[in-house]
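Take a look at the structure below.
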Amino acid sequence: MVDFDQVQRLRDYAKKISYEEAKKILEEVEGDMLEAVIRLEKENKIERPEAAGYYNSKADTHSEEGRSRSRNHKGTRDKGRSFGELVGTFLRWCGRMIHKGNINHFEVIKDDGCIITLPVTVLVLLLLFAFWVIIPLLILGLFFGYRYRFSGPDIDQTEVNEAMEKVSQATVRAVDSVVNAVENIAKDEDKDESDGAHSDY
């Protein structure tokens, strides 16, 4: 209930309003003098102080939620993206990489015929979880004349395949050199033995 003293105090502060207006506003704000002054300022019935701002003595849940939302939003903008957004971005990236790994292939070739074709995803998993077996097998394969090649829409790069072809050719040349050296050594030993047998006679 609004009493005469409250109405008078509000009229003393806002001289341009009548008793009726002051009483009506106070009843609407349930006797909260500060809220009444704020309303009058918003309606331009009293002048705002130079350092103007709106203040409310009541707990306004909507405005509090709005402020906390804006603080949270500003905080996430200042810090970048939230943890959930980062996880979502990472998972989407993983999905794209798995898809690319599934549509691109690693091929093992021998005598111009493809022996094995593996999705790149499988190759990566094998290298991650069984590298101590896979890497020696790949190296041994080079010595036995196997060649490796990538194919697919994303990694059918001539540079990559050319580099792998050069490695294969270098390995084949190295193996041929070693085989020739061993054959020459064997021939020299056979020749020495035959010369030694002739000298005995």
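Descriptive notes on the structure:
- Ala59 under 30 Å from Tyr13 (Cβ atoms), at pLDDT below 50, surrounded by fewer than 12 Cβ atoms within 10 Å (Cβ to Cβ) and not polar (S, T, N, Q): yes
- Residue in segment 145-155 that is surrounded by fewer than 16 Cβ atoms within 10 Å (Cβ to Cβ), farther than 23 Å from His99 by Cα, at pLDDT below 80 and of a type in the set (D, E, K, R) present: no
- Within segment 99-116, being closer than 11 Å to Tyr146 by Cβ and within 32 Å of the chain's Cα centre (by Cα) holds for one residue alone: Glu107.
- Yes/no for Asp112 being farther than 30 Å from Val172 by Cβ, surrounded by fewer than 13 Cβ atoms within 10 Å (Cβ to Cβ), at pLDDT below 85 and among the acidic types (Asp, Glu): no
- Within segment 1-16, residues that are in the same structural domain as Glu35 (by TED's automatic domain parsing) and within 13 Å of Ala36 (Cα to Cα) have Cβ atoms under 7 Å from residues that are of a type in the set (Lys, Arg) and surrounded by 11 or more Cβ atoms within 10 Å (Cβ to Cβ) in these pairs: Val2/Lys23; Val7/Lys23; Ala14/Lys45, counting only partners at least 6 apart in sequence or on another chain.
- Filter pass, Gly31 being outside any helix (DSSP H, G or I), over 30 Å from Leu123 (Cβ atoms) and at pLDDT below 85: yes
The values are calculated or read from the model by the stated rules, or taken from the named source; none is laboratory data. Every value quoted in this text rests on a predicted model; they were computed, and no experiment measured them. Glycine also receives a Cβ, built like all others from the backbone with ideal geometry; neighbour counts cover every protein chain displayed.
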